[in-house]
Amino acid sequence: SEREVFLRELISNASDALDRARFAALEDTEIRAVSGEPSIRITIDKEQKTITISDDGIGLTEEEALQHLGTIARSGTRAFADAIETKGDDASTLVGQFGVGFYASFMVADRVLVRSLSAQKDTSSILWSSEGAGSFDITEGERADRGTDVVLHIRDDASEFLEVDKLRDIVRQHSDFIQWPI
């Protein structure tokens, strides 16, 4: 019922990715460097009806994308939600009980793209895409710098999130404590 949670979750994920990259750089000088100051960026494109949350963090390999982004498609949570709906109960009550996470994006988006390049040397960029119906595709991506872009194709009934002031308010309310510049 609180759709704005998607932004808090994506910012939190981006912050974690930046933290992981910072720690990895202390242990491994072979990771891809980032030019400039690492940050989290939020971009709105009203014409395309997209919101993009970008970071310069640790990024994802194809294997990591399968493991982390493909979890709900393979998990028991999905089957449990389906079983509850079959009984006539409201599966939306599951949100929050198992952690909202990345999949909160589908509360406002009808399609989500993840473009990512791992900080690990000798890895390729990936493009993960899903319409939130239990399946996803992973193909070769085009991101040139380490980090991740999460592109949300905003649903018609969520167009209020395409307003800068709305997103600023959400960031102030839920993500003001993040140590990285947003």
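The values are calculated or read from the model by the stated rules, or taken from the named source; none is laboratory data. All values derive from a computational prediction rather than experimental measurement. Ideal geometry is used to build each Cβ from the backbone, glycine not excepted, and the neighbour counts take in all protein chains shown. SASA here: full protein model, heavy atoms, side chains in, ligands and nucleic acids out. Shrake-Rupley method; radii C 1.70, N 1.55, O 1.52, S 1.80 Å.
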* Please calculate the 1.4 Å probe accessible area of residue 43, with all protein chains present, and give it to the nearest 10 Å². => 80 Å²
* Total charge dipole magnitude, the stretch 1-73, about the Cα centre, Cβ charges on Lys, Arg, Asp, Glu only, Debye to nearest 20 -> 320 debye
* Got a sec to turn the phi values of the stretch 150-163 into Karplus ³J(HN,Hα) couplings, 6.51 cos²θ - 1.76 cosθ + 1.60 with θ = phi - 60°, whole Hz, x for Gly and Pro? -> 10, 9, 9, 8, 6, 5, 4, 7, 10, 5, 4, 7, 8, 9
* Considering amide H positions built from the backbone, and no H for Pro or chain starts, which residues 5 or more places from residue 39, or on another chain, come under 5 Å of its amide H? -> 56
* Order of exposure, largest accessible area first, which applies to 153, 68 with probe 1.4 Å -> 68, 153
* With every protein chain in place, what's the accessible area of residue 41 (1.4 Å probe, Å², nearest 10)? -> 90 Å²
* Asked: Protein chains only, probe 1.4 Å: how do 115, 172 rank by accessible area, largest first?
  -> 172, 115
* Structure fact -> Heavy-atom accessible area with a 1.4 angstrom probe orders 23, 6, most exposed first, as 23, 6
* HN-Hα J in Hz across the stretch 28-34 - Karplus 6.51, -1.76, 1.60, θ = phi - 60°, x for Gly and Pro -> 9, 7, 8, 7, 4, 7, 10
* How large is ³J(HN,Hα) for each residue in the stretch 46-57, as worked out from phi by the Karplus curve 6.51 cos²θ - 1.76 cosθ + 1.60 (θ = phi - 60°), to whole Hz, x for Gly and Pro? -> 5, 4, 7, 6, 10, 10, 10, 10, 10, 9, 10, x
